[in-house]
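Here is the structure we will look at.
No lab work stands behind these numbers, since they all come straight from the coordinates. These figures come from a predicted structure and were not determined experimentally. As a convention, Cβ positions derive from the backbone with ideal geometry for all residues, glycine included, and neighbour counts pool all protein chains shown.
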Amino acid sequence: MGAINAVTDLALDGDIAILSLNSPPVNALSQQVRDGLVKAMKAAVENSATKSIVLICEGKTFIAGADITEFGKPPQPPLLPEVEAAIENSPKPVVAAIHGTALGGGLEVALCCHYRVAVPSAKCGLPEVNLGLLPGAGGTQRLPRIVGPEQALEMVTSGKHVDAKTAHANGLIDEIVPEGELRAGAIAYAKRIVAEKRPLRKVRDSNEKVVAARGKPQIFADFRKTNARKFRGFLAPEYNIRCIEAAVNLPFDEGLKFEHKLFVELLNGTQSAAQRYVFFAERQVWKIPDVPEDTPTIPIKKVGVIGAGTMGGGISMNFANVGIPVTIVEMKQEPLDRGFGVIRKNYERTAKSGRITAADVDKRMGLLTPSLKLEDLADCDLVIEAVFENMDVKKDVFGKLDRIVKQGAILATNTSYLNVNEIASATQRPEWVIGLHFFSPANVMRLLEVVRGAKTSKQVIATSMQLAKRIGKIAALVGVCHGFVGNRMLAARQTQANAMILEGAMPWDVDKVLYEFGMPMGPFAMADLAGLDIGWSRETSKGATIRDVLCEMDRRGQKTGAGFYDYDAERNAKPSPTSEKVIKDFMAKGGTTPRKISEEEILARCIYPMINEGAKILEEKIAIRPSDIDIVWINGYGWPVYRGGPMFYADTVGLTNVVAKLKEYGPKLGSDFRISPLLEKLASEGKRFQDMK
Ligand SMILES: NC(=O)c1ccc[n+]([C@@H]2O[C@H](COP(=O)([O-])OP(=O)(O)OC[C@H]3O[C@@H](n4cnc5c(N)ncnc54)[C@H](O)[C@@H]3O)[C@@H](O)[C@H]2O)c1
């Protein structure tokens, strides 16, 4: 009894042994914790005074999963299954005492205990799927034996926690003990088990719920069908489902073997590598080398937004959602009313779906103040401009803001492409000016590109990053260039997409390849959704592009029922013979004979120029690191997480292959196309973007 190792302790309370872990911050299953658990179990079992064992954790949580710093390194013994065997095969009953979160390997360990008690605030979950994995230490075989296959499917494929009440209702937790009294409650429970001579209940031997589901493949077929959209392209959810199927159909030990085989396959596969990379990238993105974490920030208590259009409305909602009052300024009453109407409708829709209450709608609307006067923004701590994308208009607005808004306030622009330094030059305080580039719909999309101007101060940057977190966004700090990181790379793709439909590919051919790659939609479906007439007018149209011609025909995208595609009343897209004819006529006029373009070429010409542009962005230090670019593409454009973002994807393809293909397609990529020297250099040195320091 006493200290087992630096993180494990064994104490006696009457005839109950208390095995406690204390490995901050989350008692993750590090080698030391595993070693302590095995040794402590042995000592507790061998101690003749002990009748039962309580496994409990110090600090804020029960074991909250694997030690992620061990990922990618050779595992050091004892491994998790050995720990689990020591617990499950103990001749004395083991009670897991859960507070905080029992996650991943932590819950798998708890599932090897014979009983589980928890405080009401505790949560249980198997989040491995989020890292492209499955619970590989028996979780997929034990969980359905307790909660039944339906709930197990939900838990392993969503990766979401269940609260103690739900866990108690579905059998995962045997007893809830009062908050703050976990230790005493667990000891009392263990004493009761001993007194009542309750059997050693091993989850592995409880077959009732899985046997009940045997011969009912419909359970799985239905589950796959219901979630098909959500799981599209991902391997891990499917592998998790197969493991639950195995739990239902195979004896426990065979199921374990099956789980292990699939786990190893996922662990060694590209998808999980990508998802684990993204996990770290999401933490890295907040770190700015020359803006340390302790940089002073400015309190933001009141926000002003200029423009109540598509973006202004969505941007304002972000602040109202976290209780920050916003004054929204428009030029005229009509667009102001319209903007407020849209915001209210959005909130009401959310309330209808049950995610907020009717009272929340009123509270949030109450935080928004309409105004027709820029003067009303005088005492705001942050003003975000979201007016038309026009330099003169923006400079005019910033010149006025400079005269009106108090000193010490941040003046931000939501511009998509324009030069933030030029906008800042309209003020006498360029160090207070920054780009806050939200993505549409701004109340939904997670990404915020924070655009650092040449003179933007560090405290303005630090405040912007902190504020992004507060409103639930993920922010990437980028520099000034046309389109910043996201739209600049998008333009590289768009150039090729436009070129290919003038060489013989149809818009739906291009879209199909990108959709199958995992993007939510291709460039032409996206153009139809946004409206083909953005920046187009009949007066100035020259009929010089396919888009001009389609707009002239009033095929302006989804909103007009037709664009590149034809749309039915439900806005389902169909390839359009009309636009096909427009494209073919265009080619005939230009004297081009259409050729068949392979799917490989479509993919390479869409994606590799983006990667090349990403490399230029790194050369120019517009992005801090390759993984920040990946964060932008995953969160702003729906790049599939399982491909890790364009820069990670390039690494998986191999940079020499990317360069070789860019050279092969070179003549078709346009006269402006240049291969990035950085990309060529990395390729020639056999390096990856991930190796950049
Ligand atoms: N729509 C997008 O997908 C998107 C995404 C990111 C960024 N942006 C950028 O956001 C900005 C706004 O775009 P949007 O799509 O919301 O445009 P929008 O046309 O929907 O809204 C602009 C609003 O600004 C108002 N406005 C114009 N000049 C004004 C002034 N001087 N004072 C007060 N109000 C004024 C207009 O009345 C209009 O309601 C642009 O810079 C755009 O590039 C747009």
Past 18 Å, Cα to Cα, is the threshold; run Lys123/Lys165; Lys373/Lys394; Lys301/Lys455; Lys301/Lys406; Lys287/Lys458 against it and keep the listed order.
Lys301/Lys455
Can you check what the net charge comes to around Ala164, using other residues whose Cβ is under 13 Å from the Cβ of Ala164 (Lys, Arg +1; Asp, Glu -1)?
-1
Strictly over 22 Å apart at the Cα level, which of Lys73/Lys661; Lys559/Lys584; Lys661/Lys681; Lys352/Lys473; Lys621/Lys663 would you flag in this model?
Lys73/Lys661; Lys559/Lys584; Lys352/Lys473; Lys621/Lys663
Chain lengthening between Thr357 and Ile68 when straightened (0.36 nm per residue, less Cα-Cα):
100.3 nm
Using alpha-carbon positions, the gyration tensor of the stretch 630-693 gives root eigenvalues a ≥ b ≥ c; with a/c under 1.5 called rounded, otherwise prolate if a/b exceeds b/c, else oblate, the class is oblate
Which angle between 0 and 90 degrees, to the nearest 10, do you get for helix 391-404 versus the longest principal axis of the chain when only C-alpha atoms count?
70 degrees
What are the ³J(HN,Hα) values, in whole Hz, obtained from phi via the Karplus relation 6.51 cos²θ - 1.76 cosθ + 1.60 with θ = phi - 60°, for each residue of the stretch 94-103 in sequence order, with x given for Gly and Pro?
10, 10, 7, 10, 10, 9, x, 10, 9, 10
Karplus couplings for the stretch 234-242 from phi (6.51 cos²θ - 1.76 cosθ + 1.60, θ = phi - 60°), rounded to Hz, Gly and Pro as x?
7, 7, 4, x, 5, 5, 4, 4, 4
Using the Cβ atoms and a cut-off under 13 Å, what net charge is assigned to the surroundings of Pro120, where Lys and Arg are +1 and Asp and Glu are -1?
-2
Quick one: Cα centre-to-centre distance for the stretch 329-368 and the stretch 263-313, in angstrom?
27 Å
Please report how far the C-alpha centroid of the stretch 100-175 lies from that of the stretch 614-664, rounded to the nearest whole angstrom.
36 Å
Would you be so kind as to identify which of Ile98, Ala491, Gly686 lies farthest towards the positive end of the dipole of the chain, taking Lys and Arg as +1 and Asp and Glu as -1 on Cβ and the Cα centre as origin?
Ile98
With θ taken as phi - 60° and the coefficients 6.51, -1.76 and 1.60, list the Karplus ³J(HN,Hα) couplings across the stretch 576-582 in order, rounded to whole Hz; mark glycine and proline as x.
10, x, 5, 6, 4, 5, 4
Using DSSP, restrict attention to beta bridges with both residues in the chain and report what percent are antiparallel, rounded to the nearest 5.
35 percent
Where does the charge balance sit around Asp691 when Lys and Arg score +1, Asp and Glu -1, over other residues with C-beta under 13 Å from its C-beta?
+3
